[in-house]
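Enquirer: The structure that follows is given in the form of structure tokens.
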Amino acid sequence: MRPRRFTALVFGGLAVLTGCASDAPLDTLKPQGPISRAIDDLSDPVFLIAGIVFVIIFGATAVIWWKFRDDHSTDEFPDQVHGHLRAEIGWTVGPAVLMALIAVFTLLTHFDINSEDRDDIVVNLDGERTSWDPQVVVVGQQWWWEFRYYFDGLEGVDLSDPRHLPPADIVTANQLVIPTGSEVGLQVTSRDVIHSFWIPALNGKRDAVPYRVSPWKIEAETPGFYFGQCTEFCGLSHSRMQMQAVAMDPLDFQAWIDEQTQAATEPVGAAAQRGKAIFEGQCARCHVVNGINDGGGADLVSNAAPNLTHFMSRTTYAGGIFDLYEPDGSLNRPQLEAWLRNAPAEKPAYAEGRRGMPAMGLSESQIDDVVAYLQTLGTSPAMEVIAATEVDR
Amino acid sequence: MIETTSRAIGVYTRPKGNTGWRDWITTVDHKKIGILYGATAMLFFLIGGLEALLIRLQLATPDGTVLGADTYNRVYTMHGVTMVFLVIMPLAAAFANYLLPLQIGARDVAFPRLNALSYWVFLFGGVFLNMAWIFGDAPDGGWFAYAPNTGMIFSPGKGMDFYALGLQITGIASLVSAMNLIVTVLNMRAPGMTLFKMPVFTWMILVVQFLLLFAVPVITVALFLLLFDRNFGANFFNPEMGADPLLWQHLFWIFGHPEVYILILPSFGIISEVIPTFSRKPIFGYPFMVFSGIAIGFMGWGVWAHHMFVSGIGPISIAAFSVSTMFIAVPTGVKILNWLATMWGGKIRFNTPMLFASGVVSMFTIGGLSGVTHSLAPADTQQTDTYYIVAHFHYVIFGGALLGIFAGFYFWWPKVFGHLLDEKLGKWNFWLMIVGFNMTFGPMHILGLQGMSRRIDTYSPGFGFEFWNMFATIGAFIIGLGVLAFLLNVWISARSARGAPPVGPDPWDARSPEWFTPNPTPVHNFDEDIQIESLDEFWHRKYGLDEDGRVVRVATAEEVCQDGSATDTHLPSPSYWPIVLAAGLPLIGFGLMYSLWFCVPGGALVLMAIYGWVFEPADDPDGSHDHGHDGHGEDDAVLLGGSAENAEEAPVG
């Protein structure tokens, strides 16, 4: 009976066991927003029903095995019962009714999470108050995510060619920043293969299909740092295509907008200036820094590389997999240097097929210079965000 | 001896003799073909199992380095392709081939040479697919091969060509065999066997053949489109040129979901024979078992888009497919409850086949219930593409299909090989497998709900995945021990049976007509036609009711069974051409991939084989028949199963 007891443990104790895993930042059973909570409210009772059916069936099986085992006490044959019409009708109609009931609640939730219920939020752009219909364009490519903010709204923004998107007010990578308390619409697309955008604490997933724009949405109640993972197999570094949502209260969000809409400034210091020259000669072939080069496209299959204008304002890079900061808030320099030294060794990519960052062949002093320059790009996020990034990896 | 003077030039006589390897490669005997299917599929099972162990080793610890990302992607792709197309499907074909003619009281299938062709095409297709390893370029796009990740830009090697062509070839095998078995069931049943006196296994196989008949053409189309995209610059799946990559998903899953039932229904059939036998009761609700199987077959066509709930197909279609998916749980539930009702009130003997069959009932229940939880489209947006799904379909395909096949091995081993498998090792086999299975796939429910994605080659520490992954890896090796116990059992049982007389007739006190033949089944199957009067005809010949309505034995198994002594049964002659034709197909495949010149010998081989096939003498007068009987005029009247037997004599065979 061991395996049955074991599976009973697995199913019956599912909620308990996953609940115990306090260090599971991708947990699907701990909703942190109204959308994910709606999903959870629908699935929890069904898990319960499934658990009850499981116990009934396994209990019945155990009883049958025990009660009707051949104990060799008699030679007599059991009654040759061929069937029972009413029983058959019962266990056809019964489950059908149960499923119909579940279907009603499923459809209610389904149309709820697929509806749009956004309110405009007022943001300040260059001192001008603008009413923004909060939507973010989410673009997947091998193996990182881009987020584009158009504060004039998406009407009239041509998203039909994801490799040549119109210029946006803010372009950032791997960390989606949203204000708390507002439903934020997502327009999900891809520049190469199919990816899937998923922040389990805030909503289920939606595939990013190349040259298709799929609507989705997200909402967080409390400021926080929410982990995500690409969940559609997208080639070599699929497992290393991660992302996070950073939810800020509206004031912090406004401050974030203020910072992100600034172009990069001229660096001070000799090393940073040398680094800027290297950046312009090498990195700018793919990466954009607003104020240095404009988004003319990248020498890559996806025609895009992460916009680095506010690199330091993010806590992760390279598809959200490396921490930019140490827990104490200082720069995680060894990892960043290793990445600049030989990116494909840190994260598998097909650099020769123009997919992923190649080894740049920089000397150690050049790497130091580039790091010095990168540190001038954007300001560090709050310590809470840096701390929340740490998942003991 | 009859003189043949009018033999056309270039026409070979049919192969002679029925011993040695020459017999195995020219045989058209459904039983030998069944054994070939089974043995080949078990070899592929070991390869696929090895791939599974590599996957589990890579994932046992965070930041695993056993395989690396590139190799991991190839290994998991080939694991899926192998287990679905080269293990479960052909194992079902093994049982169908061996048992279906016996269950309907026929002498062979309708088209014996086509049957041999199916096997050889499957073998060459499977070998072709695995040649990808030797060429160092195994497919890396997943068994689902979602476009455009499988296009030339994103998968520039030859791997996905091996995938497309290999599956194309094995698809031919499935189609040919589907048509063959449908004709066999519809035309060659023993006198008196109406459709509703057919054993449930035969019914389920019939449903599966119809599913194959309609599903395989869909993937054939998809694979051709992929092949043209990759090799001839077509743009069926290229979004840059305006194609919609979701087209692939629709085609793949319109095939892929019926495929799930193609995998599971044969196992349902097997345990529907095993459970009544070991409960000593007839199957409960036979018509409901049959109709629920048919219902699953029909409804299986209306649920494919539940694989695409998050692909962006639009809320209305998702709603429709979500509801249709929920209701497919109903016929499946009917089956589970009918199996339980069959056991209820019975006298259950827990021999190894019954242990495995009970394993199917319980494990499949878990897979079915988790299936219901992701028929809820909103819940599925959290669950899809996580390990929760991996857990679900392994409970269905391993816990449902594979355990059922093992039940079938233990149940019908004496029918096929004339000796029983060892019970003690069989129980080791069962318990190791079921414990290992639950240890491996049970925790994956938890991992998936904790957010572990599928198809990731590694994971970082800190996401809470470490413990259950290590646990699952240990479980996978326990499954491996279970498989070893099975192989050991096959070897030891065969050794201890050597020299001993074959097991007597009817070792399990069985119920269905295949047990009318002695064990092992003689080459001609039945000595004479069996007259079918009821379902479980074999059991009804052994038992009757006394005046109080109690079951009493009226005849011994020895009295009811035929003794296999007939010597004048006309049997179809063996043929060279099925293997020759099949051998041409991989050459054409290599030609499409490397140089079109290879297609020339490949095509020539196929054409030559078709020519030889059509013109070879229907019945070689010089060839020996298994019982030394040559002519086939005077005894046509006693041919089993009616006139359809003559199909082999017509050039269409």
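Enquirer: If you average 1/r over all unlike Cα pairs in chain B and invert the result, what Kirkwood radius do you get in angstrom?
Expert: 25.8 Å
Enquirer: One quarter of the convex hull surface, Cα atoms only: what value does that give for the protein assembly as shown in nm²? Mind showing how you got there, number by number?
Expert: Details: hull surface 172.6 nm².
For the protein assembly as shown, the mean projected area of the Cα convex hull comes to 43.1 nm².
Enquirer: Can you flag which of A:LYS30/A:LYS347; B:LYS335/B:LYS424; B:LYS197/B:LYS335; A:LYS30/A:LYS217; B:LYS32/B:LYS281; B:LYS32/B:LYS415 are past 22 Å Cα-Cα?
Expert: Values: A:LYS30/A:LYS347 30 Å; B:LYS335/B:LYS424 30 Å; B:LYS197/B:LYS335 18 Å; A:LYS30/A:LYS217 18 Å; B:LYS32/B:LYS281 32 Å; B:LYS32/B:LYS415 13 Å.
Check vs 22 Å cut-off fails for A:LYS30/A:LYS347; B:LYS335/B:LYS424; B:LYS32/B:LYS281.
Enquirer: Would you work out which of A:GLY127, A:THR379, A:LEU251 lies farthest towards the positive end of the dipole of the stretch A:124-393? Charges go on Cβ: Lys and Arg +1, Asp and Glu -1.
Expert: Of the options given, the answer is A:THR379.
Enquirer: Given the options A:TYR150, B:GLY38, B:VAL614, identify the residue whose Cα lies farthest towards the positive end of the charge dipole of the protein assembly as shown (+1 on Cβ of Lys, Arg; -1 on Cβ of Asp, Glu).
Expert: The residue sitting farthest along the positive end of the dipole is B:GLY38.
Enquirer: Now, a different point. Hey, can you grab everything whose amide H is under 5 Å from the amide H of A:ALA208? Only 5+ residues off in sequence or another chain; H modelled, so Pro and N-termini drop out.
Expert: Amide H neighbours of A:ALA208, under 5 Å, 5+ apart: A:HIS195, A:SER196, A:PHE197.
Enquirer: Something else now. Quick check of the Kirkwood formula: for the stretch A:124-393, what is the inverse mean of 1/r over all pairs of different Cα atoms, in Å? Let's see the in-between values first.
Expert: Working: mean 1/r = 0.0536 Å⁻¹.
Across the stretch A:124-393, the inverse of the average 1/r is 18.7 Å.
Enquirer: Another question, if that's okay. What's the center-to-center distance, using Cα atoms, between the stretch B:170-197 and the stretch B:72-88 in Å?
Expert: Cα centroid of the stretch B:170-197 versus Cα centroid of the stretch B:72-88: 29 Å apart.
Enquirer: In addition: Just checking the output field for B:333-340: average partner chain Cβ neighbours within 10 Å of each residue's Cβ?
Expert: 5
Enquirer: Can you give the Kirkwood hydrodynamic radius of the stretch B:62-117 from its Cα pairs, in Å with one decimal? Walk me through the numbers before you get to the answer.
Expert: Values: mean 1/r = 0.0703 Å⁻¹.
With all distinct Cα pairs of the stretch B:62-117 included, I get 14.2 Å.
Enquirer: In chain A, which helices (entire DSSP H runs) extend 24 Å or more along their own long axis, judged by Cα positions, while averaging at least 0.0 on the Kyte-Doolittle scale? Please list the in-between numbers first.
Expert: Values: long enough: A:34-67 (49 Å, 1.31); A:85-113 (42 Å, 1.37).
Long hydrophobic helices here: A:34-67, A:85-113.
Enquirer: Return P(r) of the stretch A:120-193 (all Cα-Cα pairs; 10 Å bins starting at 0; whole %; ordered from short to long distances).
Expert: It works out to 18, 53, 26, 4, in whole percents.
Enquirer: Also, I was wondering about something else. Would you mind estimating how fast the stretch B:190-317 diffuses translationally, via Stokes-Einstein at 4 °C and 1.567 mPa s with the Kirkwood radius over Cα pairs, in µm²/s? Walk me through the numbers before you get to the answer.
Expert: Working: Rh = 17.0 Å.
Rounded to a whole number, D works out at 76 µm²/s.
Enquirer: What list do you get for B:TRP133, A:TRP256 if you sort them by fewest beta carbons within 10 Å? Before the final figure, lay out each step's value.
Expert: Values: B:TRP133 16, A:TRP256 20.
Fewest-to-most Cβ neighbours within 10 Å comes out as B:TRP133, A:TRP256.
Enquirer: Using a Förster distance of 30 angstrom, determine the FRET efficiency expected from the C-beta separation of B:ASN231 and A:HIS164, and round it to 0.05.
Expert: On the way: r = 29 Å, r/R0 = 0.96.
Result of the calculation: an efficiency of 0.55.
Enquirer: Can you pull a Stokes-Einstein diffusion coefficient for the stretch A:27-123 at 20 °C (1.002 mPa s), Rh from Kirkwood over Cα pairs, as a whole number of µm²/s? Mind showing how you got there, number by number?
Expert: On the way: Rh = 18.1 Å.
Taking Rh from Cα pairs, D becomes 118 µm²/s.
Enquirer: If the only charges are +1 at each Lys and Arg Cβ and -1 at each Asp and Glu Cβ, what is the size of the charge dipole of the stretch A:124-393 around the Cα centre, to the nearest 20 debye?
Expert: On the way: 19 positive and 35 negative charges, 188 e Å.
Result for the stretch A:124-393 is approximately 900 debye, rounded to the nearest 20.
Enquirer: Of A:VAL213, A:GLY356, A:VAL184, which is farthest along the charge dipole of the stretch A:124-393 in the positive direction, counting Lys and Arg as +1 and Asp and Glu as -1 at C-beta?
Expert: A:GLY356
Enquirer: When we measure straight from the Cα of B:LYS16, which aspartates and glutamates land under 18 angstrom away, once same-chain ones fewer than 8 places off are left out?
Expert: B:GLU3, B:ASP29, B:ASP568, B:GLU616, B:ASP619, B:ASP620, B:ASP622, B:ASP626, B:ASP630, B:GLU648, B:GLU649
Enquirer: Distance between the C-alpha centers of the stretch B:478-492 and the stretch B:142-156? Whole Å please.
Expert: Measuring centre to centre over Cα atoms gives 37 Å.
Enquirer: Please compute the length gained on full extension between A:LEU125 and A:ASP23, using 0.36 nm multiplied by the number of residues separating them and subtracting their Cα-Cα distance. List each step's numbers first, then the result.
Expert: Details: separation 102, 0.36 × 102 = 36.72 nm, distance 3.83 nm.
The span from A:LEU125 to A:ASP23 would gain 32.9 nm if fully extended.
Enquirer: Right, something else. With +1 on each Lys and Arg Cβ and -1 on each Asp and Glu Cβ, how big is the dipole of the protein assembly as shown about its Cα centre, in debye rounded to the nearest 20? Before the final figure, lay out the partial values.
Expert: Numbers: 59 positive and 100 negative charges, 362 e Å.
Charge dipole of the protein assembly as shown: 1740 debye, to the nearest 20.
Enquirer: Using the alpha-carbon centroid of each, what span in Å lies between the stretch A:339-393 and the stretch B:563-588?
Expert: Cα centroid to Cα centroid, the span is 64 Å.
Enquirer: Stokes-Einstein D for the stretch A:164-264 at 4 °C, 1.567 mPa s, Kirkwood Rh over Cα pairs, in µm²/s? Walk me through the numbers on the way to the answer.
Expert: On the way: Rh = 14.5 Å.
D, rounded to a whole number, is 89 µm²/s.
Enquirer: Return, ordered by residue number, the residues of the stretch A:306-347 whose backbone nitrogen is under 18 Å from a label point located 7 Å along Cα→Cβ of A:SER363.
Expert: A:340-342, by backbone N distance to the label point.
Enquirer: Which of B:ARG511, A:ARG333, A:ARG274 comes first, and how do the rest follow, when ranked by fewest Cβ neighbours within 10 Å?
Expert: A:ARG333, A:ARG274, B:ARG511
Enquirer: If you project the alpha carbons of the stretch B:239-301 onto the principal axes, what extent comes out on each, in Å, largest first?
Expert: That works out to 63, 18, 8 Å along the principal axes.
Enquirer: I've got another one for you. Could you list log10 I(q)/I(0) for the stretch B:171-217 at q = 0.14, 0.19, 0.22 Å⁻¹, which the Debye formula gives when each Cα is one point scatterer?
Expert: Taken in order of the listed q values, log10 I(q)/I(0) reads -0.34, -0.57, -0.72.
Enquirer: Would you calculate the separation in nanometres between label points at A:VAL63 and B:PHE467, each defined as 7 Å from the Cα along the Cα-to-beta-carbon direction?
Expert: The answer from the label model is 3.4 nm.
Enquirer: Order by neighbour count: B:MET89, A:MET312, B:MET241, B:MET204, fewest other Cβ atoms within 10 Å first, most last.
Expert: Working: B:MET89 25, A:MET312 18, B:MET241 10, B:MET204 30.
By the 10 Å Cβ count, ascending: B:MET241, A:MET312, B:MET89, B:MET204.
Enquirer: Turning to a different aspect of this structure: Based on DSSP H runs of at least 4 residues, each adding -39500 (n - 2.57), what is the mean residue ellipticity at 222 nm of chain A after dividing by all its residues, to the nearest 500 deg cm²/dmol? Don't skip to the answer; put the middle values down first.
Expert: Working: 10 runs with 135 residues, N = 393.
Value at 222 nm, helices only, nearest 500: -11000 deg cm²/dmol.
Taken together, the values in this text are just the output of simple stated rules run on the coordinates, not laboratory data. Quick caveat: nothing in here was measured; it's all calculated off a predicted structure. Don't worry about glycine lacking a Cβ; one is built from the backbone with ideal geometry, like all the others, and counts go over all protein chains shown.
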